[in-house]
Structures are given as structure tokens and as C-alpha cells.
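**Q** Let me give you the structure first, and then I'll get to my questions.
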Amino acid sequence: MEVRPVAESQEKFRTRAAAASPEYQRGVANAGGKWLAGASASEDAYKAGVSDAMANNRFGAGVRKAGAQKYQDRATKLGPQRYQTGVAEGAPEWGKNFAPFAQTLQALDLGPKGMRGSEQNYARSRVAGQALRAKKMELLGQR
């Protein structure tokens with residue numbers, strides 16, 4: 001089988017993807033319902049795939065294959081722009097999702113702080129952690 005040189009394919013991939021941005025935007029503009037139906041219908045396949053990957057240690061294998069340098073290079077080159085944009089776009093959703101937890105914390109009476117490292121402080125932390133876990137389970141409908 002004849003295969004074009006990788007460098008040529010790589011360049012074609014780069015230029016075509018850059019030119020396809022408006023097409024991508026049109027395609028995803030009204031795809032929410034289709035995504036929801038497809039993702040919901042594939043829950044069993046997702047569970048099976050994740051279970052298989054876990055049983056065969058694929059996560060760790062992928063991490064080791066990529067290596068520290070790839071992580072560092074990609075995070076350094078792509079991360080700063082994506083982080084800023086992602087945080088700006090996600091801030092309203094974060095606020096909406098964090099609000100119930102903030103309300104839970106505000107309603108707690110943890111009592112006075114003790115000295116650093118005291119059992120009293122550990123107890124305060126435990127109360128807050130248990131309250132936050134209970135709120136999470138409530139929001140997930142698992143309480």
C-alpha cells in the first residue's frame with residue numbers, strides 16, 4: 001500500500017484543520033441534543049472501556065509512553081492560552097456549581113480554632129469535609 005510521507009500528511013492535517021474552524025463551529029452550534037442522546041446511550045460502552053483499560057493498566061502505560069518531556073512541552077506551549085480562555089469561559093459555571101458548597105460551609109458552626117496541629121482543629125476539618133461530602137452526594141441524588 002502506498003502511503004504519502006508523514007511530513008506531507010502532517011502539513012495537510014495542519015492546514016486543513018485550520019481552514020475548517022468555521023465548519024467546526026457550524027457543526028457544533030446545534031449538536032447538544034445529538035451529543036446528549038449519543039453520550040447517554042453509550043454509558044455501558046464507556047464503563048466497559050474504562051474497566052478494560054484499568055484491568056490492563058493502560059493509563060500508566062500511556063503516561064510512561066508520553067513521558068515527562070511531552071507533558072512539559074505541551075503544557076508550556078498550549079497551556080497558558082488555553083488556561084486563560086478556559087477560566088474566563090468557565091467562571092460563571094464554576095460559580096453556579098460552587099454556590100451550594102459555599103452555602104454549606106457558611107452554615108457550619110465549627111467552633112473556635114485550637115492551637116496549630118490540635119485535635120480541635122482536626123475535628124473542625126472533619127466536620128467541614130463530612131458536610132461537603134454530604135452536599136456532593138445530595139447533589140448527585142445519592143443521599
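The values are calculated or read from the model by the stated rules, or taken from the named source; none is laboratory data. These figures come from a predicted structure and were not determined experimentally. Because the Cβ atoms are built from the backbone with ideal geometry, glycine has one as well, and the counts that use them run over all protein chains shown.
**Q** Using beta carbons and a limit of 9 Å, which pairs, at least six apart or on different chains, have the first residue in the range 9-28 and on the phi < 0 side of the Ramachandran plot and the second one among the aliphatic types (A, V, I, L, M)?
**A** From the range 9-28, the pairs are 9/3; 24/17.
**Q** Have a look at 126, 116, 82 and point out the one that is more than 17 Å from the chain's Cα centre (by Cα) and assigned to a helix (DSSP H, G or I). It would help to see each step written out before you state the result.
**A** Numbers: 116 fails: assigned to a helix (DSSP H, G or I); 82 fails: more than 17 Å from the chain's Cα centre (by Cα).
Matching residue, one of 126, 116, 82: 126.
**Q** Out of curiosity, is residue 141 outside any helix (DSSP H, G or I) and either of a type in the set (Phe, Trp, Tyr) or surrounded by 11 or more Cβ atoms within 10 Å (Cβ to Cβ) (or both)? If you could, list the steps in order and put the result at the bottom.
**A** On the way: outside any helix (DSSP H, G or I): yes; either of a type in the set (Phe, Trp, Tyr) or surrounded by 11 or more Cβ atoms within 10 Å (Cβ to Cβ) (or both): no.
Answer is no for this residue.
**Q** So, residue 20, is that one of a type outside the set (D, E, K, R) and modelled with pLDDT of 95 or more or not?
**A** Working: of a type outside the set (D, E, K, R): yes; modelled with pLDDT of 95 or more: no.
So residue 20 does not fit the description; no.
**Q** Select from the range 38-70 the residues that are of a type in the set (S, T, N, Q), assigned to a helix (DSSP H, G or I) and either touching an Asp or Glu at 6+ places or on another chain (Cβ under 8 Å) or surrounded by 10 or more Cβ atoms within 10 Å (Cβ to Cβ) (or both) and list them in ascending order. Working first, answer last.
**A** Step one: of the range 38-70, the residues of a type in the set (S, T, N, Q) are 40, 42, 51, 56-57, 69.
Those still in the list that are assigned to a helix (DSSP H, G or I) too: 40, 51, 69.
Correct list: 51 only.
**Q** Does at least one position in the range 96-107 carry a residue that is in contact (Cβ under 8 Å) with a residue 12 or more places away in the chain, part of a helix (DSSP H, G or I), surrounded by 11 or more Cβ atoms within 10 Å (Cβ to Cβ) and of a type in the set (A, V, I, L, M)?
**A** Yes, that holds for at least one residue.
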